[in-house]
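Working notes for the structure below.
Taken together, the values in this text are just the output of simple stated rules run on the coordinates, not laboratory data. What you see is a predicted model; the values in this text were computed from it and never measured. Heads up, the Cβs are rebuilt from the backbone with ideal geometry, glycines too, and the neighbour counts pull from every protein chain shown.
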Amino acid sequence: MSEWIELRVLESKARDANRPVVRIDPEVMERTGIAVGDVIEIVGRRRTAAKVWNGLPEDRGKGVIRMNSILRKNADVSLNETVKVRRVEPKPAAFVKLAPVSMTIAVDANFLQYIKQRLREYVVVEGDMLQIYVLSQPLTFQVVQTKPSNAILIITEDTQIQIFEKPVSGVKIPHVTWEDIGDLEDAKQKIRELVELPLRHPELFKHLGIEPPKGILLIGPPGTGKTLLAKAVANEANAYFVAINGPEIMSKYYGESEARLREIFEEAKKNAPAIIFIDEIDAIAPKREEVTGEVEKRVVAQLLTLMDGLQERGQVVVIGATNRPDAVDPALRRPGRFDREIWINPPDFKGRYEILQIHTRNMPLAPDVDLRKLAEITHGFSGADLAALAREAAMSALRRAIQSGLIDLNQPSIPPEVFEQIKVTMADFTSALRE
Ligand code: ADP
């Protein structure tokens, strides 16, 4: 075992988002003798472990460690916090018991074998979450029991694996994380500063004598990642997340809209720190001059009252999203309400390339797939359009596999060797583009 060292946590690069590996400042690696392939123990508020891969040249001298969101959950740390790490010798696991986190799965011998094979890439610690991809489908497991227990383990030929079919309860499932969002660097940074920082460290704001914002407006066209940003910031700040949709609340709860709003604010306060996300806020709060109905007027007034009633540093932040900032009631944009705005632009070439990388990162891509080319020819596509393109291309590959008889739909399960043969090709993308 080596000495403990302290490192600052940064998010992993997109390509590592689904790999159980960390990357450390190369200078620290040279100094401490931690080498590629080593296993390190990582201690944040929780203890976990991971394998070390080559450090990034850009991290040299910065004293940082790159961890993806699952590893950060396992260590219970956020970005920019510090962890202590040291090199350890992992022990061979005699026995490992896993349970799926959110869904019920069918476990047969093939599946067990497949998972065992994949687990060889992982370091296993009791209580950790593991995400394993089966043809681009993420399966999240919790390690519920190991032998020896409480140790840092690796899987060997002799390890016995058991997988529950029913999900474990009471675990928080990681949803959207920063790595799931391409492009939007400025927006990410702003929202973290305005929302995550005050939610996590209210004392800092108190100390500096500044008021963190109660309301933020995300402004931009549909499908550009506004909802993703709100979810990611909630997830990363460990905040409760409740979403409402402007038009829906105005129609579905007609006559009950104000009560519904009050309920949502109550729910958020009870579960604080919390984020309330109001999509298409222009629908819930149209300009007063344009309002004809009494109901709309009352809903706007109710929202104002609720926002004014939020305690300063009350640990509830309201994020509104709109594509029509001018249609939002000016009263909602006064100080103490939605007084900060973040503009979200449609992605340019670089942005589209990043978003395509994210949406294809779990796909088995054929070597002929040229994401740069695809980014070039998708001018005008939003993030949502690019996500749909990737999905369609994968469906096209799947249809080919079924038509060619590679996948036999009459079989109860698909053997792992078959998965390995399915690849998404450039032709799948171009045919998806034509649709
Ligand atoms: P908005 O709230 O702006 O209408 P969403 O955040 O709901 O858009 O995006 C819809 C979907 O489009 C997302 O679930 C995601 O799959 C994809 N998407 C949009 N923007 C991005 C982005 N910047 N990076 C990655 N995926 C994106």
**Report entry** Computed label-point distance, nm, for sites Arg15 and Gln137 using a 7 Å Cα→Cβ extension
**Finding:** 2.8
Query raised in the report: Looking at the square roots a ≥ b ≥ c of the eigenvalues of the Cα gyration tensor of the chain, which shape do they give, rounded for a/c under 1.5, prolate if a/b is larger than b/c, or oblate?
Result: prolate
Query raised in the report: What number, rounded to the nearest 500 deg cm²/dmol, is the helix-based mean residue ellipticity at 222 nm of the chain, given -39500 (n - 2.57) per DSSP H run of at least four residues and division by all its residues?
Result: -10000 deg cm²/dmol
Query raised in the report: Taking trypsin sites (Lys or Arg not before Pro) that fall in a DSSP loop and have at most 10 other Cβ atoms within 10 Å as cut points, what is the longest piece of the chain between them?
Result: 173-435
Requested in this report: Scan the chain and hand back the longest stretch that contains none of the chymotrypsin sites (Phe, Trp or Tyr not before Pro) lying in DSSP loops with at most 16 other Cβ atoms within 10 Å.
Outcome: 255-435
Report summary line: Which of Met129, Met363, Met250 fluctuates most in a GNM of the chain (C-alpha springs under 10 Å)? That residue is Met250
**Report entry** Computed FRET value (nearest 0.05) for Arg391 with Glu121, which takes r as the C-beta separation and R₀ as 22 Å
**Finding:** 0.25
